[in-house]
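**Student:** Okay, handing you the structure first.
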């Protein structure tokens, strides 16, 4: 049997706001934006350069108060997503220039270089380049 994790759902406040952030600030590509009935869309983004590999993010608009309260807190404050890059310093500088909030200075670990940042909604991510 062959399986892979294809898509993760990320609860967001607004489709267009989320698309603008993930594509404009983080440089992701918009994979799909399809209507799914009144007020619903299937919005999928993925890191640029990830064609054919890696998971995609489904940007799911919160539809009630409980989901809205979960925006930015889907993992209880832990790092949620791990964005692996082939050039940490290039992406770190680009993200800083675009206003991405890093919660720490880059650090060298046995496995590579990493720094935690927060996205538009408060979700914590690792920007990571493996050795």
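**Student:** So, in region 115-131, of the ones that are out of contact with any helix residue (DSSP H, G or I) (no Cβ under 8 Å at 6 or more places or on another chain) and outside any loop (DSSP other than H, G, I, E, B), which residue ends up farthest from residue 79 (Cα to Cα)?
**Tutor:** Among those that are out of contact with any helix residue (DSSP H, G or I) (no Cβ under 8 Å at 6 or more places or on another chain) and outside any loop (DSSP other than H, G, I, E, B), it is 130.
**Student:** With a cut-off of at least 2 residues that are in contact (Cβ under 8 Å) with a residue 24 or more places away in the chain, closer than 23 Å to residue 131 by Cα and under 18 Å from the mean Cα position of the chain (by Cα), name the strands (runs of 3 or more DSSP E) lying wholly within region 1-113.
**Tutor:** Values: elements: 7-12, 29-35, 41-46, 56-61, 79-84, 107-109.
In region 1-113, 79-84 are the strands (runs of 3 or more DSSP E) which contain 2 or more residues that are in contact (Cβ under 8 Å) with a residue 24 or more places away in the chain, closer than 23 Å to residue 131 by Cα and under 18 Å from the mean Cα position of the chain (by Cα).
**Student:** Check 32, 51 and return the single one that is in contact with a strand residue (DSSP E or B) (Cβ under 8 Å, 6 or more places away or on another chain), more than 22 Å from residue 122 (Cβ to Cβ) and loosely packed, with under 13 Cβ neighbours inside 10 Å.
**Tutor:** Being in contact with a strand residue (DSSP E or B) (Cβ under 8 Å, 6 or more places away or on another chain), more than 22 Å from residue 122 (Cβ to Cβ) and loosely packed, with under 13 Cβ neighbours inside 10 Å holds for just one of 32, 51, which is 32.
**Student:** Right, here's the next one. Tell me, yes or no, whether region 61-76 has at least one residue that is at pLDDT below 95, exposed (fewer than 15 other Cβ atoms within 10 Å of the Cβ) and within 21 Å of residue 6 (Cα to Cα).
**Tutor:** yes
The values are calculated or read from the model by the stated rules, or taken from the named source; none is laboratory data. Predicted, not measured: the structure shown is a model, and the values here were computed from it. FYI the Cβ positions are ideal-geometry reconstructions off the backbone, even for glycines, and counts take in every protein chain you see.
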